[in-house]
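In what follows, a single structure is set out as C-alpha coordinates and then discussed.
The values are calculated or read from the model by the stated rules, or taken from the named source; none is laboratory data. These numbers were taken from a predicted model, which means no experiment stands behind them. When we count neighbours, we look across all protein chains shown, and the Cβ atoms used for this are built from the backbone with ideal geometry, even at glycine. The accessibility values were calculated without ligands, DNA or RNA, using every heavy atom of the protein model including side chains. Shrake-Rupley method; radii C 1.70, N 1.55, O 1.52, S 1.80 Å.
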Amino acid sequence: MAKPHILQMGPYPEWDQEPLERAFTVHRYFAVADPEALLAEVGPQIRGIATRGELGADRAVIDACPRLEVIGVYGVGFDAVDLAACRERGIRVANTPDVLTNDVADLGVAMLLCQSRGMIGAQAWVRDGSWARQGLYPLKRRVWGKRAGILGLGRIGFEVAKRLRGFDLSIAYSDIEPKPYAEGLTYIADPVALAREVDFLFVTLAASSDTRHIVSHELLAALGPKGMLINISRASNIDEQALLEALEQGRLGAAALDVFDGEPQLNPRFLALDNVLLQPHHASGTVETRRAMGQLLRDNLTAHFAGHPLLTPVI
Ligand code: 8YV
(Lines give C-alpha, C1' and ligand atoms only; values in the text may rest on other atoms or scores of the structure.)
Protein backbone atom coordinates (compact mmCIF):
# COMPACT_ATOMS: atom_id res chain seq x y z
CA MET A 1 0.00 0.00 0.00
CA ALA A 2 1.29 3.49 -0.83
CA LYS A 3 2.65 5.38 2.14
CA PRO A 4 0.67 8.48 3.16
CA HIS A 5 2.35 11.76 2.27
CA ILE A 6 3.11 13.98 5.23
CA LEU A 7 4.54 17.45 5.57
CA GLN A 8 7.24 17.85 8.21
CA MET A 9 7.42 21.39 9.61
CA GLY A 10 10.70 21.21 11.56
CA PRO A 11 13.63 18.91 12.25
CA TYR A 12 13.53 15.89 14.55
CA PRO A 13 16.44 13.90 15.93
CA GLU A 14 17.87 11.29 13.58
CA TRP A 15 16.32 8.47 15.60
CA ASP A 16 12.88 9.87 14.75
CA GLN A 17 13.56 10.80 11.16
CA GLU A 18 14.39 7.31 10.00
CA PRO A 19 11.23 5.58 11.34
CA LEU A 20 9.12 8.53 10.16
CA GLU A 21 10.43 8.09 6.64
CA ARG A 22 9.92 4.33 6.81
CA ALA A 23 6.23 4.81 7.60
CA PHE A 24 5.44 7.88 5.48
CA THR A 25 6.51 9.76 2.39
CA VAL A 26 7.96 12.80 4.12
CA HIS A 27 8.20 16.27 2.58
CA ARG A 28 10.51 18.46 4.63
CA TYR A 29 8.97 21.94 4.60
CA PHE A 30 11.73 23.44 6.76
CA ALA A 31 14.61 22.01 4.74
CA VAL A 32 13.91 23.45 1.30
CA ALA A 33 14.96 26.82 -0.09
CA ASP A 34 11.42 27.67 -1.15
CA PRO A 35 8.81 26.19 1.22
CA GLU A 36 5.97 27.94 -0.64
CA ALA A 37 6.97 26.24 -3.87
CA LEU A 38 7.15 22.89 -2.09
CA LEU A 39 3.69 23.44 -0.67
CA ALA A 40 2.28 24.37 -4.08
CA GLU A 41 3.78 21.22 -5.54
CA VAL A 42 3.03 18.59 -2.88
CA GLY A 43 0.15 20.24 -0.94
CA PRO A 44 -2.56 18.34 -2.87
CA GLN A 45 -1.00 14.98 -1.82
CA ILE A 46 -0.50 15.79 1.85
CA ARG A 47 -2.67 13.78 4.29
CA GLY A 48 -0.78 14.47 7.48
CA ILE A 49 1.40 17.16 9.06
CA ALA A 50 4.14 16.37 11.59
CA THR A 51 5.05 19.53 13.45
CA ARG A 52 6.54 20.75 16.72
CA GLY A 53 4.96 22.66 19.57
CA GLU A 54 6.44 26.01 18.72
CA LEU A 55 5.99 25.63 14.94
CA GLY A 56 2.42 24.36 14.74
CA ALA A 57 0.59 24.78 11.43
CA ASP A 58 -1.11 28.00 10.37
CA ARG A 59 -4.16 28.46 8.19
CA ALA A 60 -2.10 29.11 5.04
CA VAL A 61 -0.35 25.75 5.36
CA ILE A 62 -3.57 23.94 6.23
CA ASP A 63 -5.40 25.56 3.29
CA ALA A 64 -2.63 24.50 0.93
CA CYS A 65 -3.30 20.85 1.81
CA PRO A 66 -6.87 20.08 0.67
CA ARG A 67 -6.61 16.35 1.56
CA LEU A 68 -5.18 16.98 5.04
CA GLU A 69 -6.65 14.63 7.69
CA VAL A 70 -4.40 14.83 10.72
CA ILE A 71 -1.79 17.00 12.42
CA GLY A 72 0.64 15.48 14.92
CA VAL A 73 2.36 17.89 17.30
CA TYR A 74 5.70 16.92 18.85
CA GLY A 75 5.02 18.80 22.07
CA VAL A 76 2.18 19.33 24.51
CA GLY A 77 1.39 22.89 23.39
CA PHE A 78 -0.84 23.16 20.34
CA ASP A 79 -1.36 26.93 20.41
CA ALA A 80 0.54 27.34 17.14
CA VAL A 81 -1.89 25.05 15.30
CA ASP A 82 -4.88 26.89 13.83
CA LEU A 83 -7.54 24.77 15.52
CA ALA A 84 -10.38 26.80 14.00
CA ALA A 85 -9.11 25.96 10.51
CA CYS A 86 -8.84 22.29 11.55
CA ARG A 87 -12.36 22.18 13.00
CA GLU A 88 -13.84 23.69 9.85
CA ARG A 89 -12.47 20.77 7.85
CA GLY A 90 -12.70 17.98 10.42
CA ILE A 91 -8.91 17.70 10.59
CA ARG A 92 -7.77 15.79 13.66
CA VAL A 93 -4.96 17.05 15.91
CA ALA A 94 -2.84 15.07 18.40
CA ASN A 95 -0.12 16.26 20.78
CA THR A 96 2.38 14.54 23.11
CA PRO A 97 1.21 15.23 26.69
CA ASP A 98 2.37 13.40 29.83
CA VAL A 99 5.66 12.07 28.46
CA LEU A 100 7.31 15.49 28.90
CA THR A 101 5.64 16.69 32.10
CA ASN A 102 8.37 15.72 34.54
CA ASP A 103 11.24 17.11 32.50
CA VAL A 104 9.50 20.45 32.05
CA ALA A 105 8.83 20.63 35.79
CA ASP A 106 12.44 19.67 36.54
CA LEU A 107 13.79 22.47 34.37
CA GLY A 108 11.41 25.02 35.90
CA VAL A 109 12.61 24.21 39.42
CA ALA A 110 16.23 24.09 38.26
CA MET A 111 15.79 27.57 36.76
CA LEU A 112 14.47 28.87 40.07
CA LEU A 113 17.44 27.48 41.99
CA CYS A 114 19.97 28.53 39.37
CA GLN A 115 18.71 32.10 39.20
CA SER A 116 18.08 32.60 42.88
CA ARG A 117 21.52 31.30 43.86
CA GLY A 118 23.27 33.09 40.99
CA MET A 119 24.85 29.91 39.66
CA ILE A 120 25.64 31.22 36.17
CA GLY A 121 27.53 34.19 37.59
CA ALA A 122 29.11 31.94 40.20
CA GLN A 123 30.60 29.72 37.54
CA ALA A 124 31.99 32.77 35.73
CA TRP A 125 33.46 33.88 39.09
CA VAL A 126 35.41 30.61 39.25
CA ARG A 127 36.38 30.46 35.57
CA ASP A 128 37.58 34.05 35.18
CA GLY A 129 39.70 33.98 38.29
CA SER A 130 37.54 36.41 40.30
CA TRP A 131 37.35 33.90 43.15
CA ALA A 132 41.14 33.82 43.50
CA ARG A 133 41.50 37.56 42.92
CA GLN A 134 38.52 39.06 44.70
CA GLY A 135 37.49 36.36 47.14
CA LEU A 136 33.99 35.39 48.08
CA TYR A 137 31.15 35.48 45.56
CA PRO A 138 28.40 38.04 46.38
CA LEU A 139 25.62 36.64 48.52
CA LYS A 140 22.42 35.54 46.81
CA ARG A 141 18.83 34.86 47.85
CA ARG A 142 17.47 31.80 49.64
CA VAL A 143 14.88 29.55 47.99
CA TRP A 144 13.69 27.19 50.71
CA GLY A 145 10.92 28.29 53.02
CA LYS A 146 9.66 31.03 50.72
CA ARG A 147 6.34 31.44 48.92
CA ALA A 148 5.78 30.06 45.44
CA GLY A 149 2.88 30.67 43.12
CA ILE A 150 1.86 28.52 40.18
CA LEU A 151 -0.16 30.10 37.41
CA GLY A 152 -1.99 27.18 35.81
CA LEU A 153 -2.17 23.98 37.88
CA GLY A 154 -2.34 21.49 35.03
CA ARG A 155 -0.08 18.47 34.69
CA ILE A 156 3.14 20.50 34.57
CA GLY A 157 2.09 22.96 37.28
CA PHE A 158 1.18 20.06 39.56
CA GLU A 159 4.59 18.44 39.07
CA VAL A 160 6.29 21.76 39.83
CA ALA A 161 4.28 21.94 43.07
CA LYS A 162 5.28 18.37 43.98
CA ARG A 163 8.95 19.22 43.58
CA LEU A 164 8.66 22.53 45.47
CA ARG A 165 7.25 20.77 48.52
CA GLY A 166 10.74 19.31 48.97
CA PHE A 167 12.04 22.84 49.52
CA ASP A 168 9.47 23.59 52.22
CA LEU A 169 7.95 26.36 50.17
CA SER A 170 4.38 27.44 50.80
CA ILE A 171 2.53 27.02 47.52
CA ALA A 172 -0.46 28.85 46.10
CA TYR A 173 -1.94 28.58 42.64
CA SER A 174 -4.31 30.24 40.27
CA ASP A 175 -6.50 28.50 37.72
CA ILE A 176 -9.98 28.83 36.24
CA GLU A 177 -11.31 26.88 39.21
CA PRO A 178 -9.92 25.09 42.28
CA LYS A 179 -8.44 21.71 41.39
CA PRO A 180 -9.55 18.60 43.31
CA TYR A 181 -5.97 17.28 43.33
CA ALA A 182 -4.49 20.45 44.84
CA GLU A 183 -4.39 19.22 48.41
CA GLY A 184 -2.28 21.45 50.62
CA LEU A 185 -2.07 24.23 48.02
CA THR A 186 -3.84 27.55 48.47
CA TYR A 187 -6.20 28.61 45.70
CA ILE A 188 -6.13 32.27 44.70
CA ALA A 189 -8.41 32.84 41.73
CA ASP A 190 -7.00 36.19 40.59
CA PRO A 191 -3.51 35.91 39.02
CA VAL A 192 -2.58 39.44 40.16
CA ALA A 193 -3.59 38.63 43.75
CA LEU A 194 -1.52 35.43 43.49
CA ALA A 195 1.52 37.43 42.33
CA ARG A 196 1.12 39.78 45.29
CA GLU A 197 1.31 36.84 47.72
CA VAL A 198 4.41 35.07 46.43
CA ASP A 199 8.17 35.41 46.00
CA PHE A 200 8.46 33.14 42.94
CA LEU A 201 5.81 32.82 40.27
CA PHE A 202 5.85 29.89 37.84
CA VAL A 203 3.90 30.25 34.61
CA THR A 204 2.68 26.79 33.57
CA LEU A 205 -0.45 27.66 31.64
CA ALA A 206 -1.42 26.17 28.31
CA ALA A 207 -1.38 29.18 26.00
CA SER A 208 -4.45 30.34 24.13
CA SER A 209 -6.00 33.62 23.06
CA ASP A 210 -7.63 33.74 26.52
CA THR A 211 -4.31 33.63 28.35
CA ARG A 212 -2.42 36.04 26.08
CA HIS A 213 -0.50 38.57 28.24
CA ILE A 214 -2.09 37.22 31.42
CA VAL A 215 1.25 38.17 32.95
CA SER A 216 0.62 41.86 32.53
CA HIS A 217 2.18 45.12 33.66
CA GLU A 218 -0.12 45.00 36.69
CA LEU A 219 0.79 41.42 37.57
CA LEU A 220 4.52 42.15 37.32
CA ALA A 221 4.06 45.16 39.61
CA ALA A 222 2.31 42.86 42.11
CA LEU A 223 5.22 40.39 41.99
CA GLY A 224 7.49 43.33 42.69
CA PRO A 225 11.20 44.18 43.01
CA LYS A 226 11.95 41.11 45.12
CA GLY A 227 9.84 38.74 43.02
CA MET A 228 10.95 36.26 40.37
CA LEU A 229 9.02 35.12 37.33
CA ILE A 230 9.75 31.67 35.86
CA ASN A 231 8.21 30.93 32.46
CA ILE A 232 8.22 27.36 31.13
CA SER A 233 5.00 27.72 29.13
CA ARG A 234 4.74 30.02 26.11
CA ALA A 235 5.98 33.57 25.58
CA SER A 236 2.50 34.73 24.58
CA ASN A 237 1.35 34.29 28.19
CA ILE A 238 3.56 37.24 29.09
CA ASP A 239 3.50 40.87 28.00
CA GLU A 240 7.16 40.80 27.03
CA GLN A 241 7.48 44.59 26.64
CA ALA A 242 6.13 45.06 30.16
CA LEU A 243 8.49 42.33 31.40
CA LEU A 244 11.53 43.97 29.81
CA GLU A 245 10.65 47.36 31.24
CA ALA A 246 10.05 45.91 34.71
CA LEU A 247 13.39 44.06 34.64
CA GLU A 248 15.30 47.05 33.27
CA GLN A 249 13.88 49.39 35.88
CA GLY A 250 14.22 46.94 38.77
CA ARG A 251 10.46 46.91 39.32
CA LEU A 252 10.67 43.14 38.97
CA GLY A 253 13.48 41.38 40.82
CA ALA A 254 14.36 38.66 38.33
CA ALA A 255 13.12 36.32 35.65
CA ALA A 256 14.03 32.87 34.39
CA LEU A 257 12.74 32.26 30.89
CA ASP A 258 12.71 29.26 28.57
CA VAL A 259 10.49 30.87 25.90
CA PHE A 260 10.51 34.18 24.02
CA ASP A 261 8.46 36.14 21.53
CA GLY A 262 9.87 35.45 18.07
CA GLU A 263 12.20 32.68 19.29
CA PRO A 264 14.80 31.57 18.43
CA GLN A 265 15.48 35.27 17.80
CA LEU A 266 14.92 37.16 21.01
CA ASN A 267 14.70 40.79 21.92
CA PRO A 268 18.36 41.94 22.37
CA ARG A 269 17.29 43.94 25.43
CA PHE A 270 17.23 40.62 27.31
CA LEU A 271 20.95 40.16 26.63
CA ALA A 272 21.84 43.39 28.41
CA LEU A 273 20.13 42.32 31.64
CA ASP A 274 21.89 40.56 34.50
CA ASN A 275 18.70 39.77 36.43
CA VAL A 276 17.41 37.27 33.90
CA LEU A 277 18.27 33.63 33.20
CA LEU A 278 17.85 32.82 29.51
CA GLN A 279 17.21 29.26 28.31
CA PRO A 280 16.75 28.08 24.68
CA HIS A 281 13.25 26.50 24.93
CA HIS A 282 14.57 23.15 26.08
CA ALA A 283 12.39 22.25 29.05
CA SER A 284 11.44 18.95 27.37
CA GLY A 285 14.92 18.57 25.92
CA THR A 286 16.23 15.31 27.32
CA VAL A 287 17.10 12.28 25.22
CA GLU A 288 14.61 10.15 27.15
CA THR A 289 11.69 12.53 26.78
CA ARG A 290 12.37 13.49 23.19
CA ARG A 291 12.49 9.78 22.28
CA ALA A 292 9.12 9.28 23.94
CA MET A 293 7.69 12.36 22.21
CA GLY A 294 8.87 11.14 18.81
CA GLN A 295 7.38 7.70 19.41
CA LEU A 296 4.04 9.15 20.51
CA LEU A 297 3.92 11.49 17.52
CA ARG A 298 4.44 8.54 15.15
CA ASP A 299 2.03 6.32 17.08
CA ASN A 300 -0.68 8.97 16.68
CA LEU A 301 -0.11 9.35 12.94
CA THR A 302 0.08 5.58 12.44
CA ALA A 303 -3.10 5.01 14.44
CA HIS A 304 -4.95 7.57 12.38
CA PHE A 305 -3.91 6.12 9.02
CA ALA A 306 -4.79 2.62 10.26
CA GLY A 307 -8.29 3.86 10.98
CA HIS A 308 -7.85 3.78 14.77
CA PRO A 309 -8.56 6.59 17.25
CA LEU A 310 -5.73 8.97 18.10
CA LEU A 311 -3.89 8.02 21.29
CA THR A 312 -3.66 11.57 22.60
CA PRO A 313 -6.20 13.65 20.71
CA VAL A 314 -6.55 17.42 20.97
CA ILE A 315 -9.52 17.42 18.60
C1 8YV B 1 9.19 21.31 22.65
C2 8YV B 1 7.02 22.39 23.55
O3 8YV B 1 10.30 22.07 22.97
O4 8YV B 1 5.73 20.68 24.47
C5 8YV B 1 5.74 21.79 23.97
O6 8YV B 1 4.72 22.43 23.80
O7 8YV B 1 7.09 23.51 23.17
C8 8YV B 1 8.24 21.59 23.71
O9 8YV B 1 8.12 20.42 24.38
C10 8YV B 1 8.95 21.48 21.25
O11 8YV B 1 7.71 21.17 20.77
C12 8YV B 1 10.02 20.72 20.51
O13 8YV B 1 10.20 21.26 19.34
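Out of the chymotrypsin sites (Phe, Trp or Tyr not before Pro) in segment 192-301, which ones are loop residues according to DSSP with at most 10 other C-beta atoms within 10 Å?
Of the chymotrypsin sites (Phe, Trp or Tyr not before Pro), not one in the loops of segment 192-301 has a Cβ with at most 10 other Cβ atoms within 10 Å.
Span-like helices, the chain: DSSP H, alpha-carbon axial extent 20 Å or more, mean Kyte-Doolittle 0.5 or greater, which ones?
Those that clear 20 Å and a mean of 0.5 are 101-116.
Using only DSSP helix segments of four residues or longer, with each worth -39500 (n - 2.57), what per-residue ellipticity at 222 nm results for the chain after dividing by its residue count and rounding to 500?
After summing the helix terms and dividing by the residues of the chain, the value is -10500 deg cm²/dmol.
Largest first, how would Tyr137, Tyr29 line up by accessible area (1.4 Å probe)?
My answer, sorted largest first, is Tyr137, Tyr29.
Could you work out how far the C-alpha centroid of segment 26-96 sits from that of segment 248-284, in angstrom?
29 Å
Per 10 Å bin, what percent of the C-alpha pairs of segment 8-110 does each bin hold, from zero upward?
In order of increasing distance, the bins hold 14, 45, 30, 9, 1 percent.
From the protein chains alone at 1.4 Å, what is the descending order of accessible area for Ile156, Ile150, largest first?
Per-residue accessible area, sorted high to low, gives Ile156, Ile150.
Evaluate the chain: find the radius of gyration of its Cα atoms, find its Kirkwood radius, and give the ratio Rg to Rh.
That ratio is 1.02, to two decimals.
Identify all aspartates and glutamates with a Cα-Cα distance to Lys179 below 16 Å; exclude those on the same chain that are fewer than 8 residues away in sequence.
Answer for Lys179, where 16 Å is the Cα cut-off: Glu159, Asp190, listed by chain and number.
Classify segment 69-224: rounded, prolate or oblate, from the alpha-carbon gyration tensor (a ≥ b ≥ c, eigenvalue square roots; a/c under 1.5 rounded; otherwise prolate if a/b is larger than b/c)?
Note, shape of segment 69-224 comes out prolate.
Over the chain, average the accessible area per residue using a 1.4 Å probe and give it in Å², no decimals.
Per residue, the chain has an accessible area of 48 Å².
Once label points are set 7 Å from the Cα along Cα→Cβ at both Arg163 and Arg67, what is their separation, rounded to one decimal in nm?
My value for the distance between the label points is 4.4 nm.
Given a 1.4 angstrom probe, I'd like the percentage of the accessible area of the chain that is carbon and sulfur, rounded to a whole number.
54 percent
Give the ranking of Trp144, Trp15 by solvent-accessible surface, highest area first, calculated with a 1.4 Å probe.
Per-residue accessible area, sorted high to low, gives Trp144, Trp15.
Taking a cut-off of 15 Å between Cα atoms, list the aspartates and glutamates near Lys146, but don't count ones fewer than 8 places away on the same chain.
Within the straight-line limit of under 15 Å, Lys146 reaches these aspartates and glutamates: Asp168, Glu197, Asp199.
Can you pull the accessible area of Asp261 for me, 1.4 Å probe, Å² to the nearest 10?
Probe radius 1.4 Å; accessible area of Asp261 about 70 Å².
When 1/r is averaged over all different Cα pairs and the result inverted, which Kirkwood radius in Å belongs to segment 95-176?
Final number for the Kirkwood radius of segment 95-176 is 14.5 Å.
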